[in-house]
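These notes are about the structure you will find just below.
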Amino acid sequence: MDTDRYTIMLVTAGHQGAKSFSVKKSHIRLVFCSIIIFAFISLFSFSTSYIYYKDSAKKSQSVNKLISTINLLSQDIDENRMIEAKLRNKLQGIEETLLEMQEILQKKGIKKELSIGGEFIPAERLSLSYVDYMKKDIDDLFNTMISTPVGTPLKGKINSNFGYRKDPFKRKAGFHSGIDIDAHHGQAVVATADGKVIKASWHSSYGKTVIIKHEDKYETLFGHLSKITVKEGDTVKVGDVIGKAGSTGRSTGTHLHYEVIKDGKRVNPKNFLSLK
Ligand SMILES: [Zn+2]
């Protein structure tokens with residue numbers, strides 16, 4: 001018997017027609033070795049590809065993490081930039097309002113330098129809410145300033161005060177409901193606050209007269225004008241010329257009769273000529 005060979009028998013279920021092969025032992029060994037080597041190669045390639053897969057998954061995970069961190073950071077930077085831009089805009093707005101206020105004070109004939117500055121606040125302590133609060137305060141003040149008739153309608157000496165005085169026509173005590181400001185004929189008369197013209201016509205005592213209604217409770221009256229340069233219904237801004245000084249109506253010389261009316265009552269215009 002050939003000991004170098006194996007006999008392989010293939011037997012069917014009914015034990016009929018069995019087939020046998022004779023195979024060299026070395027061949028069988030070769031086949032087994034091949035199977036084992038193949039199995040190793042498969043396992044190796046599988047595991048390396050698995051490791052590679054895991055590794056790349058890890059890598060992509062860390063890349064994702066990095067991207068999201070960058071996104072968060074850039075969002076943060078953008079947000080800071082937005083806050084910074086908002087702050088800058090608001091501070092700029094405040095500064096513009098202050099400059100506008102200074103201009104209005106000049107138009108009102110009030111020489112007063114607004115102190116832009118004050119307490120120094122380091123930028124990092126300036127929060128949006130603080131600036132908002134500051135801006136609101138300044139805006140309120142600005143609105144009050146443009147709607148309150150504080151200021152002079154015309155530059156000149158006051159030659160007759162508000163209150164009881166000897167009436168220049170009746171030669172007895174009479175109530176003077178405004179002040180008289182010395183003027184030269186044709187001198188420009190300006191509005192002391194924003195408002196609406198509610199009268200621009202002849203008045204039996206004050207001649208050519210203009211009355212402006214301001215926001216809330218104030219009205220101003222300008223009498224004895226030589227010329228009226230506005231008409232009823234007009235909207236006027238502080239500093240706008242509303243007429244020219246004259247001596248129309250019951251007047252003894254060129255001057256401006258100026259009244260300030262608060263809640264329907266005449267008040268002393270002298271208290272409104274300048275800021276206290
Ligand atoms: Zn008068």
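Summary table
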{"quantity": "Heavy-atom accessible surface of the range 158-272: percent carbon and sulfur, 1.4 Å", "calculated": "47"}
{"quantity": "Coordinate range along principal axes, alpha carbons of the range 134-276, Å, largest first", "calculated": "54, 29, 25"}
{"quantity": "For Ile211, solvent-accessible area (1.4 Å; no DNA, RNA or ligand), Å²", "calculated": "30"}
{"quantity": "Sparse-neighbourhood loop sites, trypsin sites (Lys or Arg not before Pro) in the range 147-241 - DSSP loop, at most 16 other Cβ within 10 angstrom", "calculated": "Lys155, Lys157, Lys170, Arg171, Lys172, Lys217, Lys231, Lys237"}
{"quantity": "Under-5 Å amide H pairs with Lys208, H placed in peptide plane, nonlocal only", "calculated": "His203, His224, Leu225, Thr248, Gly249"}
{"quantity": "Most to least accessible of Phe38, Phe222 (protein chains only, probe 1.4 Å)", "calculated": "Phe38, Phe222"}
{"quantity": "Exposure rank, largest accessible area first [Met82, Met101; 1.4 Å]", "calculated": "Met82, Met101"}
{"quantity": "Area accessible to solvent at Asp140, 1.4 Å probe radius, in Å²", "calculated": "70"}
{"quantity": "Accessible surface, the range 178-276, averaged per residue in Å² (probe 1.4 Å)", "calculated": "45"}
{"quantity": "Sequence of His27, His214 when ordered by accessible area, the most exposed leading, probe 1.4 angstrom", "calculated": "His27, His214"}
{"quantity": "Rounded accessible area of Ser22 (nearest 10 Å², 1.4 Å probe)", "calculated": "60"}
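The values are calculated or read from the model by the stated rules, or taken from the named source; none is laboratory data. Small disclaimer: the values here were computed from a predicted structure and weren't measured. Virtual Cβ from ideal backbone geometry, glycine too; neighbours counted across all protein chains shown. Please note that ligands, DNA and RNA were not included when accessible areas were found on the heavy atoms of the full protein model with its side chains. Shrake-Rupley method; radii C 1.70, N 1.55, O 1.52, S 1.80 Å.
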